[in-house]
Amino acid sequence: QVQLVESGGGLVQAGGSLRLSCAASGRTLSNYAMGWFRQAPGKEREFVAAISRSGDRTYYADSMKGRFTISRDNAKNTVYLQMNSLIPEDTAVYYCAASTYYTYLTNKGSYNYWGQGTQVTVSS
């Protein structure tokens with residue numbers, strides 16, 4: 001079992017940046033592909049980005065390409081989501097998740113463990 005704790009959320013103006021972190025404990029993070037998802041009020045949880053175990057492959061939702069960057073430091077058991085050029089539509093609770101899958105990483109059903117989420121609010 002792996003425990004995930006997100007941090008780094010907050011309030012930012014449109015055009016600003018935030019860096020989210022997801023710290024893992026209980027198991028070595030390199031055993032898992034990792035993903036970030038988000039959920040806005042009244043909406044379903046949606047895929048944001050994912051990264052393979054070694055970090056050599058990354059995946060992004062179309063609306064995040066060029067603005068968000070996912071990365072990982074397996075030595076620190078931590079995954080990051082750098083978010084730039086934020087817009088009000090990015091306002092949501094952001095969750096990190098760990099997957100034992102090697103494919104279908106854009107699908108939330110592929111993830112075994114979830115963090116509690118961190119709130120990101122982008123003001124206009």
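Label-to-label distance for Ala75 and Lys43 is 3.7 nm, based on points extended 7 Å past Cα in the beta-carbon direction.
Could you work out what % of the accessible surface of the chain is carbon and sulfur, using a 1.4 angstrom probe and leaving DNA, RNA and ligands out of the count? If you can, show how the numbers build up before the last one.
Details: 2880 of 6140 Å².
The computed percentage sits at 47.
Each part reduced to its alpha carbon centroid, the stretch 44-101 and the stretch 1-39 end up 8 Å apart.
Just to be sure I understand: if I project the alpha-carbon convex hull of the stretch 80-119 onto a plane and average over all orientations, what area do I get in nm²?
On the way: hull surface 14.3 nm².
Mean orientational projected area (the stretch 80-119, Cα hull): 3.6 nm².
Accessible surface for the stretch 11-88, divided over its residues, is 49 Å² per residue with a 1.4 Å probe. Projected over all directions and averaged, the alpha-carbon convex hull of the chain occupies 6.8 nm². Each Cα pair under 8 Å and six or more residues apart adds its sequence gap; the mean of these over the residue count of the chain is a relative contact order of 35 percent. Semi-axes of the equivalent ellipsoid of the stretch 1-62 are 23, 15, 13 Å, computed as sqrt(5λ) over the eigenvalues of the C-alpha gyration tensor in descending order.
The values are calculated or read from the model by the stated rules, or taken from the named source; none is laboratory data. All values reported here derive from a predicted model rather than from experimental measurement. Here the Cβ is made from the backbone with ideal geometry for all residues, glycine too, and neighbour counts use every protein chain on show. Remember, those area values only see protein heavy atoms, side chains included, never the ligands or the DNA or RNA. Shrake-Rupley method; radii C 1.70, N 1.55, O 1.52, S 1.80 Å.
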